[in-house]
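S.K.: Quick one: this structure, given as structure tokens, is what I'll be asking you about.
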Amino acid sequence: WDNADFSRGVGTTFYQEFLTLNTAKPPFVRDVEEKIRRYLRSSYSAVWTLKITWEKAPAYMARTDTRRTITYQAILTTDGFRSYVLMLYQDGGMQWDYTKLAANNVLIGYT
């Protein structure tokens with residue numbers, strides 16, 4: 001998922017699970033459904049969604065610079081047949097100084 005380093009007590013990670021098979025959908029899940037419908041031009045109704053947030057996350061080897069942090073989210077969702085992931089980054093994208101990372105072949109996203 002990432003190469004964040006929370007060992008110095010900077011930043012946090014949290015998650016929220018939404019089970020919506022037989023319940024009313026909160027505004028967050030309705031927003032996720034709308035994004036999928038709009039971008040993929042497909043009907044979609046989520047039965048499960050997971051929101052993971054990395055808040056003020058410093059890059060791995062945080063001892064090098066704990067001032068440059070980023071906040072980002074991964075949202076996993078499924079209708080029971082199709083599954084999607086949305087990757088959301090703070091305005092301005094990745095704020096880590098990639099020239100100081102252990103590896104310089106970094107990517108934003110997933111494979």
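The values are calculated or read from the model by the stated rules, or taken from the named source; none is laboratory data. Predicted, not measured: the structure shown is a model, and the values here were computed from it. Reconstructed Cβ throughout: ideal geometry from the backbone, glycine too, with neighbour counts over all protein chains shown. Ligands, DNA and RNA are stripped out before the accessible areas are found, and what is left, the full protein with its side chains, is counted by its heavy atoms. Shrake-Rupley method; radii C 1.70, N 1.55, O 1.52, S 1.80 Å.
S.K.: Restricting attention to segment 18-28, which residues are touching a residue at least 24 places away in the same chain (Cβ under 8 Å) and surrounded by 11 or more Cβ atoms within 10 Å (Cβ to Cβ)?
M.R.: Of everything in segment 18-28, those that are touching a residue at least 24 places away in the same chain (Cβ under 8 Å) and surrounded by 11 or more Cβ atoms within 10 Å (Cβ to Cβ) turn out to be 18, 19, 20.
S.K.: Identify all residues within segment 42-60 that are farther than 17 Å from residue 76 by Cα and either of a type in the set (D, E, K, R) or in contact with a His (Cβ under 6 Å, 6 or more places away or on another chain) (or both); write none if there are none.
M.R.: Correct list: 55, 56.
S.K.: Here's another thing I want to ask about it. Filter segment 29-57 down to the residues that are polar (S, T, N, Q) and open to solvent by less than 40 Å² (accessible area, probe 1.4 Å), then identify the one that is nearest to the chain's Cα centre (by Cα). Explain how you work it out, then say what you get.
M.R.: Taking segment 29-57 first, the residues polar (S, T, N, Q) are 42-43, 45, 49, 53.
Checking the rest, the ones that are also open to solvent by less than 40 Å² (accessible area, probe 1.4 Å) come to 42, 49, 53.
Values: 42: 22, 49: 12, 53: 6 Å.
The extreme case among them is 53.
S.K.: Under 7 Å by Cβ, and 6 or more places apart or on different chains, what pairs join a residue from segment 72-97 that is more than 16 Å from residue 31 (Cα to Cα) and of a type in the set (Val, Ile, Thr) with one that is crowded, with 16+ Cβ neighbours inside 10 Å and at pLDDT 90 or above?
M.R.: none
S.K.: Identify, please: which residue in segment 97-108 is more than 17 Å from residue 53 (Cβ to Cβ) and in a loop (DSSP other than H, G, I, E, B) and is, among those, modelled with the highest pLDDT?
M.R.: Residues of segment 97-108 that are more than 17 Å from residue 53 (Cβ to Cβ), as a first pass: 97-107.
Filter once more, keeping what is in a loop (DSSP other than H, G, I, E, B): 97, 101-107.
On the way: 97: 70, 101: 67, 102: 67, 103: 66, 104: 64, 105: 65, 106: 61, 107: 63.
That would be 97.
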